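So the structure is just underneath, and the comments pick up after that.
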Amino acid sequence: MAWRFKASKYKNAAPIVPKAEACVREICVGSYQTYGNNIAASAAFMAFNWEHTGASVAVLPLDDCGRKSKTMPLLHGHTDTVTDLKFSPFHDGLLATASQDCLLKIWHIPEKGLEQSLSDPEAVFSHKQRRVETIGFHPTADGLMYSTAAGCVTLFDIATQKEIFSNNEHPEVIQSASWREDGTVLATSCKDKCVRIFDPRAAGSPIQMVAESHQSIKDSRVVWLGNQPRLLTTGFDAARLRQVIIRDIRNLNVPEKTLELDCSTGILMPLFDPDTNMLFLAGKGDTTINYLEITDKDPYLIEGLRHTGEQTKGACLVPKRALKVMEAEVNRVLQLTSNMVIPIMYQVPRKTYRDFHADLYPETTGYKTELIASEWLNGTNQSVPKMNLDPAKREHGGDPIIPRLGPKPFSSNSGDVSFDKVFAVPVAPGSHENLSNVGQDNGSELPMQAAKPDLLVEIEIKKQPEPAVVAGNGNANGVQKSLTTSERRKSSADDDESSDKIFEQNSESSENSTEGEDRTDSDLRHLTAVRSSIAERRRLYENRSKSQVDEKAQSPVPLRRESSKVEPHKSSHQSVGSNMLNAQAGSLDSKRISVPEGKLMDEHRRGNGNASGIKKSATEAAFSAASTKRTSTVFGKVSKFRHLKGTPGHKSTHIENLRNLSRQIPGECNGFHANHERVAVPLSGPGGKIAIFELSRPGRLPDGVIPSLVNGSNIMDFQWDPFDAHRLAVACDDGIVKLWRIDEGGLSEPTNSPQAELTAHLDKIYFIRFHPLAADVLLTASYDMTIKLWDLRTMSEKCALSGHTDQIFDFAWSPCGKLGASVCKDGKIRVYNPRKSETPIREGNGPVGTRGARITWAVEGQYIVCTGFDKVSERQISVYNAQKLNAPLNTASLDVSPSILIPYYDEDSSTLFVTGKGDSTIYCYEITDEEPYICPLSHHRCSSLHQGLSFITKNHCDVASVEFSKAYRLTNTTIEPLSFTVPRIKSELFQDDLFPPTRVTWSPTLSAEDWFGCNDKAAAKISLKPEGMDTLSSIQQVPAPAKKSEPTPTPTQQFVTKSDYESNKQQEIQKSVSARMEYNTKLEQDEMEGVDENEWQE
């Protein structure tokens, strides 16, 4: 029995958790009801589900760390939750995903990772209306993939994109599957409480053996213990206790070992390493990860050190060839939590880590195979060659094993097969390779070709003798080595150092005149190296954005063009060179260039000397083109309204002592509506009462009966006429719209006599909408799924819109008043041109949730914003291109709440305010015409819950106090004014950069007759500038000096000249500001009496 006391080498393997800085942080992960692990890893990348729906997948480099943005590139390929995802064991950039939308998709990840979101997979397979549960790759045959859906097991040949095997003999849903290491048979665990041995190549039935397993229908998992004839399963017994069972397939019906753990409800995910026999058990929702070692004799399972930390959403093992073997790392578990990916390193304690400990690392399965799917299906078995993890015996010595990315096995082209054609990825903008090809003829480029489906191309990446890049040539083979995060940081620091030395003498004059935040655009373009930190560069970008004056004031998202700026002393030689280069290098992508790339190009340009004059102009042109874009393309969105402030009005302006508010208003009604004179609030009780309160009479309401409009039927919706503050339209559940006229001074007693009644529909009305430009035009939407337009002067129906198949949630007019958009319970968004067609002219997919939705137009009618719910009832905001409604451009998720988000869009500031009934937060976003299209601003949190929010027109904002929007908020007992302002230092000036000329929406632009007659007219625009108030831009305008013809300066002379010009410009601005400010040069102590000289001596 001596073997029982033999100590294992891995017994004391300890979990080491890195600091938070070394983890992937601030990600968005939900809870998914799937049979997958929600995360997968290759030797180069990690992939995991993203956001609460899990329909997108995030892919990051394996050694990545730090905070991640919600706008980072993702895989957008599925319309429902991704249930499972796996990397190929032979290609680190080949990812397979399975989803509830019944599709399987194959993705090729570029060597440098995702630089932009992908939505087009390399291959798509379908499971014919059955939700795909699990997916995986064959362990020995390249290009062979399996998947399970319901009780069906299917094999696919990726190279030929064909289904080569399918079997549907499992009576219930297959919950897990695992191949034996030699790839001969497959083990499955099923919801019918049985485990099966499955051989797809067997004659007759492929199910070879069946045995009863865990006696619970809850999720069970199976994993093959390497190449041994043993299986390990995890699941629950009849008493809901978590179990681990080991079986020998030679006697499958009798468990070899049964271990009962606890009564937790978390699904156990078994992670097994066949080289070390280490087993990790991570439970979904658990905070602990158990480590056990498996032996081939009793006690079979030996418990090791347990890790306790964050709550687990998913887990996976990292391939052995990606481990830090010189640090005695024997395994690494990637733990997925709700907001982090934590790499947990299991290290065996040793006295020294200088040498390679060969006893800890037996030869492991390699990543090269000669076997393909068709050969395996025909009966060929071939094991994968082993590889040694000893750095001294690796092909590349002590360097990390280079990930084997590609080839893309999805197309077959004849011709020569080379590394560049098969393995290369597109050159990133601004890289050395791109610069080296700028002046070359693009016609000589060869198209990328993929390998033949039945041919596995294996080309090794030879180690370069010199890591340095030759100027103008790049690497010899055109492929850059993949750097780790620490190496990239070090490289960036070295670049900054070298740049500081180059510009040391040139930056002195600039530093004397401009310091820190006062640096100008010239510094931003030319003093790239002076900015020693990312934080400083960001401040410069923000200050530039704050100080710039938009030329196109009416556009909420202006673009600054380099050609419109005055640049003295610019040589004609450079302009000609730039034009020549732009003609030659049309493929230079300067749209999404970033600052580090711009610096890289700058360094490359200087390294080539004077011979690269043409390239120098191209680099400046590319960087200037990048500078014209808003800073969202470099450092994220920088908006003038980023720090907007919501301020409630003083208590003396509140209307208090409200009571008997109605809680039975339908979801399609906003429940509260205000104009600049009065507000309308529905009251509870029979009769459909609406109270009218005058804003000119704030204070506490007297006790007793509140004067109201008695409609006689339940209220469905109500709205003030935008052009008449005395007219209120109320829609009732009897299909009648009642028009009320409120006398000057408000209601003094209850009344039930409306000014007019319009019998609009025979069924209930969902909502009503006035036209934004034409007077007396009213729209009604009814339960009969029709929308009608009425002329209120003649009380006649003018046109009807059809095409809806379910409940209509909302309708919104475009700013021009010609088009309208609706969102429906059938999950569709429709755009109508009511005067030309009764059917929609465009249609697309909207929110999938059926609780409710709202819709509005944005950015001068170019985009449509829709608020709604996803499948898990999470509230979300989606932005669509008004011309292409097939999919949203971007979607922002908020939280899980039953209240519908009601949007209000301020077109002058392009600000979107959204909130729901019962919320206490008003969410603010800026809608832009460039990615990410929806940018969060400072949200306003109220002190109490509100029942409604209504904004008033722009002409009633106090622009002198920099108030760009004003609203009234309804709470349970009060009505409060709410002001949204932008903090500004010189608030005594009119902020014309915040207040462009605004459209007149409080007066009609045309009559109903003109509008129905298609006599369209654009709304007039007026300036909100008060009389006698100076504008902010008036003190910032500095006349540009006249250009002088001078000889072409050298780069150093030109730099000094531009610095002098910028410093002179700064002095002129300071003089202009000083001339408008009162200041006194006398000191306070000059007016004091002081003491005698004798007293000082005493």
- Looking at the range 234-329, what strands (runs of 3 or more DSSP E) fall wholly within it and have at least 3 residues that are farther than 24 Å from residue 210 by Cβ and not charged (D, E, K, R)? 278-283, 288-294, 314-317
- Residues satisfying the stated conditions in the range 920-962, i.e. among the hydrophobic types (A, V, I, L, M, F, W, C), more than 30 Å from the chain's Cα centre (by Cα) and surrounded by fewer than 17 Cβ atoms within 10 Å (Cβ to Cβ): 960
- Query: Based on what the data block shows, is residue 349 assigned to a strand (DSSP E or B), under 25 Å from residue 23 (Cα atoms) and touching a residue at least 24 places away in the same chain (Cβ under 8 Å)?
  - Reply: no
- Task: Among the residues of the range 692-727, write down those that are assigned to a loop (DSSP other than H, G, I, E, B), open to solvent by 40 Å² or more (accessible area, probe 1.4 Å) and not aromatic (Phe, Trp, Tyr).
- Result: 696, 697, 698, 702, 703, 704, 705, 712, 714, 722
- Identity of the residue in the range 669-691, in a loop (DSSP other than H, G, I, E, B) and in contact with a Leu (Cβ under 7 Å, 6 or more places away or on another chain), that ends up least open to solvent (accessible area, probe 1.4 Å): 672
- Note on the structure: Scanning the range 37-61 for residues that are within 19 Å of the chain's Cα centre (by Cα), over 12 Å from residue 80 (Cα atoms) and not aromatic (Phe, Trp, Tyr), the one most open to solvent (accessible area, probe 1.4 Å) turns out to be 61
- Please specify each residue of the range 872-903 satisfying the condition of being of a type in the set (D, E, K, R) and surrounded by fewer than 17 Cβ atoms within 10 Å (Cβ to Cβ). 884, 895
- Kindly provide the set of residues from the range 156-185 that are among the hydrophobic types (A, V, I, L, M, F, W, C) and over 14 Å from residue 106 (Cβ atoms), ordered by number. 164, 165, 173, 174, 177, 179, 185
- Could you check residue 829 against (1) assigned to a loop (DSSP other than H, G, I, E, B); (2) surrounded by 21 or more Cβ atoms within 10 Å (Cβ to Cβ); (3) of a type in the set (A, V, I, L, M) and say which number it fails? (1)
- Of the residues that make up the range 62-71, is at least one over 30 Å from residue 304 (Cα atoms), free of Cβ contacts under 8 Å to residues at least 40 places away in the same chain, in a loop (DSSP other than H, G, I, E, B) and open to solvent by 20 Å² or more (accessible area, probe 1.4 Å)? no
- Query: Taking residue 311 and the conditions (1) in contact with a His (Cβ under 7 Å, 6 or more places away or on another chain); (2) surrounded by fewer than 21 Cβ atoms within 10 Å (Cβ to Cβ), which numbered condition does it fall short on, given that it satisfies the others?
  - Reply: (1)
- Message: Residues that are crowded, with 22+ Cβ neighbours inside 10 Å, part of a loop (DSSP other than H, G, I, E, B) and touching a residue at least 60 places away in the same chain (Cβ under 8 Å): does the range 837-857 have at least one?
- Response: yes
- Check 340, 345, 326 and return the single one that is farther than 21 Å from residue 285 by Cα and open to solvent by 20 Å² or more (accessible area, probe 1.4 Å). 326
- Show the residue pairs that are 6+ apart or on different chains and have beta-carbon atoms under 7 Å apart, the first residue being within the range 761-785 and modelled with pLDDT of 90 or more, the second being small (Gly, Ala, Ser) and open to solvent by 10 Å² or more (accessible area, probe 1.4 Å). 773/1019; 774/1007; 775/1007
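Is it true that residue 22 is free of Cβ contacts under 8 Å to residues at least 24 places away in the same chain, out of contact with any His (no Cβ under 9 Å at 6 or more places or on another chain), farther than 19 Å from residue 135 by Cβ and surrounded by fewer than 20 Cβ atoms within 10 Å (Cβ to Cβ)?
No; evaluated as a whole, the condition is false for this residue.
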- Hey, could you check the range 778-791 for residues that are part of a strand (DSSP E or B) and open to solvent by 10 Å² or more (accessible area, probe 1.4 Å) and say which is nearest to residue 821 (Cα to Cα)? 788
- Message: With the requirement that a residue be crowded, with 17+ Cβ neighbours inside 10 Å and either within 20 Å of residue 805 (Cβ to Cβ) or out of contact with any strand residue (DSSP E or B) (no Cβ under 7 Å at 6 or more places or on another chain) (or both), what does the range 861-870 give you?
- Response: 861, 864, 866, 868, 869
- Query: Considering the range 747-763 alone, what residues qualify as being crowded, with 16+ Cβ neighbours inside 10 Å and among the small types (Gly, Ala, Ser)?
  - Reply: 760
- Boolean, residue 160 is buried (at least 20 other Cβ atoms within 10 Å of the Cβ) and touching a Gly at 6+ places or on another chain (Cβ under 9 Å): no
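Which residues, counting only those in the range 768-794, are among the charged types (D, E, K, R) and within 19 Å of residue 1015 (Cβ to Cβ)?
Residues of the range 768-794 among the charged types (D, E, K, R): 769, 776, 784, 788, 791, 793.
Within the range 768-794, 776, 791, 793 meet the criteria.
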- Within the range 126-157, which residues are in contact with a Lys or Arg (Cβ under 8 Å, 6 or more places away or on another chain) and open to solvent by less than 10 Å² (accessible area, probe 1.4 Å)? 135, 136, 149, 152, 156
- Quick one: is residue 740 aromatic (Phe, Trp, Tyr), in a strand (DSSP E or B) and open to solvent by 10 Å² or more (accessible area, probe 1.4 Å)? no
- Read through the list (1) free of Cβ contacts under 8 Å to residues at least 40 places away in the same chain; (2) in a loop (DSSP other than H, G, I, E, B); (3) touching a strand residue (DSSP E or B) at 6+ places or on another chain (Cβ under 7 Å); (4) farther than 24 Å from residue 895 by Cα, then give the number of the only condition that residue 794 fails. (3)
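The values are calculated or read from the model by the stated rules, or taken from the named source; none is laboratory data. Note that the structure is predicted; figures quoted are calculated from it, not measured. Cβ sites come from the backbone with ideal geometry, for glycine too, and all protein chains shown count toward neighbours. The accessibility values were calculated without ligands, DNA or RNA, using every heavy atom of the protein model including side chains. Shrake-Rupley method; radii C 1.70, N 1.55, O 1.52, S 1.80 Å.
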